[in-house]
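Take a look at the structure below.
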Amino acid sequence: MRVLQAVLGRLPRFATVGLLLMCALFAGPGVAGASGQGGARQPKGHPAGQTRGHPAAKPRIVPRSEWMDGAERGPPARYAKRVKAVFVHHTDTPNDYDCADAPRTIRYLYTGQTESRQWDDIGYNFLVDRCGTIYEGRAGGVGRAVVGAHTQGFNRGSVGIAAIGTFTKGVPVPEAMTAAMAALVAWKLGLTDVDPRSEVRLVSSNSLSRYPKGKSAKFRAVSGHKDGFYTQCPGAALMAALPGIRKEAARLQDR
């Protein structure tokens, strides 16, 4: 058995869940009513704010039905008007997993966030494993502006993408992972014609973020979790990879 299976298999359930909550601990409540992050619902089947300016090809995304274990629960998804930014995270879990085990890790994250923290769903909109496989996270439609629970104060109008692993200083970030993230960023921001290299403004909805509630803050269109909240997530190594992800995403948008 690989290290991930061994560690998770030997720990009691509560300890396992605790291990997988490290990065998500201060991401932001998943219940829209509790956090004030909820947005207006959009008409079904219409990606919010879609334009044709600089579209990029949609990458393959594994649907949540392939990692979910049991019936879904919680209130309907909430939506923003459009997606303006991406916040990158890491899950703070082991790196030497078999990619076939990634769905199991996502299920543990889901369990930890919905049971231990009592959120309505997993906080991240997408997750990417070290082999470059992209998974749908939070429910609501991959092409829509789903309000997640990943970056306290800035969940509305943004997308949370979590790299499965721990990417602190000196840890190699797999090329397959960064390539997949760039493709996902290019497609998702392309739906609203946002240049991945640009700067955008978001308004804080929660004073627990780096900015008081109601404050307009400037971010890179592709930012790290730590840019909006007091955390080391997504780790120094992944933060250092963001310029390359922005550049490749812009190339995929033909910019």
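Would you call Ala182 assigned to a strand (DSSP E or B), of a type outside the set (Ser, Thr, Tyr), surrounded by 17 or more Cβ atoms within 10 Å (Cβ to Cβ) and in contact with a Gly (Cβ under 9 Å, 6 or more places away or on another chain)?
So Ala182 does not fit the description; no.
Just a yes or no: is a residue in the range 223-238 closer than 14 Å to Val83 by Cα and either buried (at least 19 other Cβ atoms within 10 Å of the Cβ) or out of contact with any strand residue (DSSP E or B) (no Cβ under 8 Å at 6 or more places or on another chain) (or both)? So that I can check it myself, show each step before the final result.
Residues of the range 223-238 closer than 14 Å to Val83 by Cα: 223.
With either buried (at least 19 other Cβ atoms within 10 Å of the Cβ) or out of contact with any strand residue (DSSP E or B) (no Cβ under 8 Å at 6 or more places or on another chain) (or both) added as a condition, the list becomes 223.
Yes: the range 223-238 contains one or more residues that are closer than 14 Å to Val83 by Cα and either buried (at least 19 other Cβ atoms within 10 Å of the Cβ) or out of contact with any strand residue (DSSP E or B) (no Cβ under 8 Å at 6 or more places or on another chain) (or both).
Kindly list, by first and then second residue, each pair from a residue in the range 213-238 that is under 21 Å from Trp187 (Cβ atoms) to a residue that is small (Gly, Ala, Ser) and surrounded by fewer than 17 Cβ atoms within 10 Å (Cβ to Cβ), limited to pairs with Cβ atoms under 7 Å and residues at least 6 apart or on different chains.
Short answer, once both residue conditions are applied: Ala221/Ser198.
Restricting attention to the range 122-143, which residues are surrounded by 24 or more Cβ atoms within 10 Å (Cβ to Cβ) and more than 13 Å from Ile61 (Cα to Cα)?
Ile122, Gly123, Tyr124
What are the residues in the range 157-172 that are buried (at least 24 other Cβ atoms within 10 Å of the Cβ) and either more than 12 Å from the chain's Cα centre (by Cα) or of a type in the set (Phe, Trp, Tyr) (or both), if any?
We begin by selecting, within the range 157-172, every residue buried (at least 24 other Cβ atoms within 10 Å of the Cβ); these are 158-165, 167.
Result: Gly165, Phe167.
Which residues, taken from the range 200-239, are out of contact with any Phe, Trp or Tyr (no Cβ under 9 Å at 6 or more places or on another chain) and aliphatic (A, V, I, L, M)?
Within the range 200-239, Ala221 is the sole residue that qualifies.
Do we have any residue at all in the range 128-144 that's in a loop (DSSP other than H, G, I, E, B), closer than 18 Å to Leu238 by Cβ and within 11 Å of the chain's Cα centre (by Cα)?
Yes: the range 128-144 contains one or more residues that are in a loop (DSSP other than H, G, I, E, B), closer than 18 Å to Leu238 by Cβ and within 11 Å of the chain's Cα centre (by Cα).
Each reported figure results from applying straightforward, stated rules to the coordinates on display, with no laboratory input. None of these values were measured; they are calculated from a predicted model. Here the Cβ is made from the backbone with ideal geometry for all residues, glycine too, and neighbour counts use every protein chain on show.
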